[in-house]
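Undergrad: Quick one: structure below, then a few questions.
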Amino acid sequence: MQKSTKIILGVVAVLILYVMFSYNGLVSANFAIDGQWAQVEAQYQRRFDLIPNLVESVKGIMKQETAVFTAIADARTRYAGATTVDARAKAAGEVESALGRLLVITENYPQLKSSENVQTLMAEVAGTENRVSVERKRFNDAVQSYTLRTKRFPSNIIASVFGFGAREYFEAAAGTENAPKVQF
């Protein structure tokens with residue numbers, strides 16, 4: 001074999017290895033995003049398991065805030081019926097908005113603050129909201145890592161050839177940056 005043939009075969013082997021490692025890296029990053037979204041959903045499920053208990057505890061003390069309870073129930077139903085990550089994220093934002101209104105209401109009622117059940121559940125909800133926030137950040141970090149791999153040269157060529165497209169970041173629903181307003 002000639003020296004030039006060996007060099008060409010060596011370059012081809014390196015290119016094949018590069019494509020193989022790039023492809024496998026993109027597959028791993030894509031699965032990491034899906035796995036991280038599953039963690040976000042696990043925290044949403046924890047939230048949804050806690051909310052009915054909180055609502056029932058609060059309902060027992062105050063009857064007049066049925067609009068908030070209805071909004072929470074409707075948002076939970078939309079979340080359960082959502083089939084895409086974007087639809088679930090939007091519905092989760094609606095749950096957060098309604099839950100925020102409920103939390104403001106409970107802070108304004110002294111008899112609710114003194115209820116041990118409500119206090120315990122509020123602490124659980126607050127802890128769950130922190131967990132949701134952490135998992136969303138991890139999800140967005142995974143999306144960022146994947147996106148960098150699909151945009152950087154030369155791995156962007158492999159991503160394009162094998163159909164690795166963009167993934168969406170989790171973004172809060174519009175208006176969630178504003179504190180909920182509760183009027184009595």
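What follows is calculated from the coordinates using simple rules that are stated; it is not laboratory data. All values reported here derive from a predicted model rather than from experimental measurement. Please note: Cβ atoms are built from the backbone with ideal geometry, for glycine as well, and neighbour counts cover all protein chains shown.
Undergrad: Multiply the residue gap between Gln2 and Ala82 by 0.36 nm, knock off their C-alpha separation, and tell me the result in nm, one decimal place.
TA: Going from the current span to full extension adds 22.6 nm.
Undergrad: Pop a pseudo-label 7 angstrom from the Cα along the beta-carbon direction at both Arg138 and Tyr18 and give the gap in nm to one decimal.
TA: According to this spin-label approximation, the distance is 3.4 nm.
Undergrad: Provide the per-residue ³J(HN,Hα) series for region 90-103, in order, calculated from phi with Karplus coefficients 6.51, -1.76, 1.60 and θ = phi - 60°, each as a whole number of Hz, with x at glycine and proline positions.
TA: Coupling constants for region 90-103: 5, 5, 5, x, 5, 4, 4, 5, 5, 5, x, 5, 5, 5 Hz.
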